[in-house]
1. Any idea which residue in the range 17-43 is modelled with the highest pLDDT, counting only those that are loosely packed, with under 11 Cβ neighbours inside 10 Å and not charged (D, E, K, R)?
2. Considering the range 75-96 alone, what residues qualify as being under 17 Å from I10 (Cα atoms) and loosely packed, with under 12 Cβ neighbours inside 10 Å?
3. Give the range 50-74 a look and list any residue that's of a type outside the set (V, I, T) and either in contact with an Asp or Glu (Cβ under 9 Å, 6 or more places away or on another chain) or surrounded by 13 or more Cβ atoms within 10 Å (Cβ to Cβ) (or both), or say none.
4. Considering only the range 79-95, I want to know if a residue exists there that is at pLDDT below 80 and acidic (D, E).
5. Taking the range 44-96 as the region of interest, how many residues are more than 19 Å from K23 (Cα to Cα) and β-branched (V, I, T)?
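The values are calculated or read from the model by the stated rules, or taken from the named source; none is laboratory data. Bear in mind the structure is a predicted one, so any value in this text is a computation, not a measurement. A quick note on method: Cβ atoms are made from the backbone with ideal geometry, for glycine too, and the neighbour counts reach across all protein chains shown.
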Amino acid sequence: MNKSLSITTILTQPDLLINLVEKLAWQRSNTSIGKTKIPRNLKPFDTSSIETYVNGTVALSGDGDTINMPFITCFMFTCIKEKDGLYKVTWASSLS
């Protein structure tokens, strides 16, 4: 017997979360790139990690029923930046 289950996550104020992650990534000064000699076959990059709380609702739907569960959890976001580049989010994980 196959039953389907749909899981949806809705974040509370996602624009605020995006803004927070971008601001915190840019607050880190670029201190390590360019000061250390690196072999030619390697590319230097700088990292920045931040921890922030995320909240919202997880909706579980299946067989005509839906269960909405509010959540709040801590996430760790990690960004990398290559020399003369922009920070890019490369990893995000829940710490709960």
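1. N41
2. Those that are under 17 Å from I10 (Cα atoms) and loosely packed, with under 12 Cβ neighbours inside 10 Å: S93, S94.
3. G56, A59, L60, S61, F71, C74
4. There is at least one residue in the range 79-95 that is at pLDDT below 80 and acidic (D, E).
5. Residues meeting the conditions: 6.
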